[in-house]
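A.B. asks: Just passing along the structure, written as structure tokens.
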Amino acid sequence: MLFGLNVIIHLVLFTGTARLIKRKLSLKRLFIVSVIGSCSIFIVLTPFELWLVHPLGKVLLSIILVSAAFGFPSLFAFLQSLFMFYVMSFLAAGTITAIETMRFSLQHREGFLSEYAASMYSSFSIILIVFSVPVLWLTFKWTDNTTTARKMQWSKLATVTIKVENTTWKGEALIDTGNQLKDPVTRSPVMVMQISLLQKELPEEQFKQLQNMLHHKRIEDLEYVTWWEGRWRLVPYRTAGQNMQMMFALKPDLVTVQYEERQIDFDTILVGLESQSLSSNEDFQMIFPSDPLQASAHESA
């Protein structure tokens, strides 16, 4: 039973390592290295038991297993595989330890702290290990999916600098392929920016006036905005399931985008203002349409 559980844990460890380093691992090789790694529990029955528990012995065993699983294409690739295998191993150990800690904390009896200290890092029960395997796999899947999603999102971010007269503000923009918003009169593309970036550039009274106007969509208040005269625009737009609305937009002097090691300047893009945050975790403060970037890339090609 214990041998079978060790095989399952090794299957999870090597599968997770393969996903982290983006390497393919055949089912045959996966099962072979998992069985070999699990056979190490039988060393306790031999005179080499002390060698198994020694840190150098564990490192040597890890090197053998990782080499058998992923080969040795290069020193860098091997070290990367070995490092990620340890990351997965620490994740597994941390998950099992956390579950054991929660289980033990639910037992209310005298001598709790002393018993806990005595049992910490001791051998875990079979039931605990069985329960830990699916928890470990779900934890890894969630971590891997979250990391992948974050990488994809960051790959679509650009640094945007906007200049209006003597005022300049800078932020991160999400490159949105679905943003087709344009000014119906000039056909200029419209990017979207949350007004929190303007808070440091405008006097407090002006910022609150602008914030209130945007939040309540009060078009009639635009005539009381006395700064940046001649630059304000109203852009109609429609979202799914809602009627036509108006967006307050600003005509800047220059918009500079740094994206994929390129710097591109635009002087025809309008900046639509949004009172709410565009990102829940503030990864970006703007949404920039992809069409102008694609057109610029074609022109420079």
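The values are calculated or read from the model by the stated rules, or taken from the named source; none is laboratory data. This structure is a prediction, so every number in the text was calculated from the model and none was measured. Because the Cβ atoms are built from the backbone with ideal geometry, glycine has one as well, and the counts that use them run over all protein chains shown.
A.B. asks: Would you mind listing the helices (runs of 4 or more DSSP H) fully within the range 35-140 where at least 2 residues are more than 15 Å from ASN6 (Cα to Cα) and at pLDDT below 70?
C.D. replies: By residue number, 49-53, 75-105, 112-119.
A.B. asks: Those residues that are hydroxyl-bearing (Ser, Thr, Tyr) and out of contact with any helix residue (DSSP H, G or I) (no Cβ under 6 Å at 6 or more places or on another chain), I need them from the range 54-88; list them, please. Lay out the reasoning, then the answer.
C.D. replies: Our first condition is that a residue be hydroxyl-bearing (Ser, Thr, Tyr); within the range 54-88, this holds for 62, 67, 74, 81, 86.
If the condition is that a residue be hydroxyl-bearing (Ser, Thr, Tyr) and out of contact with any helix residue (DSSP H, G or I) (no Cβ under 6 Å at 6 or more places or on another chain), then SER62, SER67, SER74, TYR86 are the ones that fit.
A.B. asks: What are the residues in the range 252-266 that are at pLDDT 90 or above and within 33 Å of the chain's Cα centre (by Cα), if any?
C.D. replies: PRO252, LEU254, VAL255, THR256, VAL257, GLN258, GLN263, ILE264, ASP265, PHE266
A.B. asks: Tell me yes or no: at least one residue of the range 292-299 is assigned by TED's automatic domain parsing to the domain that holds THR161, closer than 25 Å to LEU202 by Cα and modelled with pLDDT of 80 or more.
C.D. replies: no
A.B. asks: Can you tell me which residue among GLN209, GLN285, GLN245 is over 19 Å from LEU181 (Cα atoms) and either of a type in the set (A, V, I, L, M, F, W, C) or surrounded by 11 or more Cβ atoms within 10 Å (Cβ to Cβ) (or both)?
C.D. replies: Only one candidate qualifies: GLN209.
A.B. asks: Moving on to the next point. Output the number of residues of the range 265-282 satisfying the condition of being part of a loop (DSSP other than H, G, I, E, B) and surrounded by 16 or more Cβ atoms within 10 Å (Cβ to Cβ).
C.D. replies: 3
A.B. asks: Among the residues of the range 204-250, which ones are in a loop (DSSP other than H, G, I, E, B), of a type outside the set (Asp, Glu) and over 33 Å from the mean Cα position of the chain (by Cα)?
C.D. replies: HIS216, LYS217, ARG218, VAL225, THR226, TRP227, TRP228, GLY230, ARG231, ASN243, MET244
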